[in-house]
Amino acid sequence: MAFDNQQAERRRWHRHELDTAVLVRSVANRSRCFWGRLVDLSQGGIAVVLPAELPVEEVFEICFPLPYPVVHVLAKAVVRRREHYRYGLEFADMTPSDRQLIALACKTLSLQTA
């Protein structure tokens, strides 16, 4: 499924390019664990590339580092979209402090590209 400019304009949060490692683990089956690449970050979720088949609507635990501030985020996310091995994951049940950290990272990333 390709995203056009209208879809990008309708997004709730701006996406910020970020290339870092991400660990994705199934909440339903903790032995299903994959390493991949986080390719963009928004306040609502992340896009990742994984060498795995993830069912849409399945809940996963994700862990990834933020560059600004330098911390690791551990959160739950729901698979919302899939295009080949690129997945759109929406954050779920995030703590207010993790939401603040992600908002700060997004703000910092947006200043770097301005």
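The values are calculated or read from the model by the stated rules, or taken from the named source; none is laboratory data. Here the structure is a predicted model, which means the values were calculated and not measured. So basically every Cβ, Gly included, is an ideal-geometry build from the backbone, and we count neighbours across all protein chains shown.
Across the range 19-43, which residue is nearest to THR108 (Cα to Cα) among those that are surrounded by fewer than 17 Cβ atoms within 10 Å (Cβ to Cβ) and hydroxyl-bearing (Ser, Thr, Tyr)?
The residue in question is THR20.
Residues to consider are HIS72, HIS16, HIS84; find the one that is exposed (fewer than 13 other Cβ atoms within 10 Å of the Cβ), modelled with pLDDT under 95, under 26 Å from THR108 (Cβ atoms) and not hydroxyl-bearing (Ser, Thr, Tyr). Break it down into steps so the answer makes sense when it comes.
Working: HIS16 fails: exposed (fewer than 13 other Cβ atoms within 10 Å of the Cβ); HIS84 fails: under 26 Å from THR108 (Cβ atoms).
Matching residue, one of HIS72, HIS16, HIS84: HIS72.
Residues of the range 102-114 being assigned to a helix (DSSP H, G or I) and not charged (D, E, K, R), which ones? Spell out how you get there, then give the answer.
So the first thing to find is which residues in the range 102-114 are assigned to a helix (DSSP H, G or I), and the list is 102-113.
Within the range 102-114, ILE102, ALA103, LEU104, ALA105, CYS106, THR108, LEU109, SER110, LEU111, GLN112, THR113 meet the criteria.
Quick check: is even one residue across the range 55-62 farther than 20 Å from PHE34 by Cβ and among the aromatic types (Phe, Trp, Tyr)? Outline the logic, then answer.
Within the range 55-62, the first condition is being farther than 20 Å from PHE34 by Cβ, and the residues that meet it are none.
Looking for residues that are farther than 20 Å from PHE34 by Cβ and among the aromatic types (Phe, Trp, Tyr), one finds none in the range 55-62, hence no.
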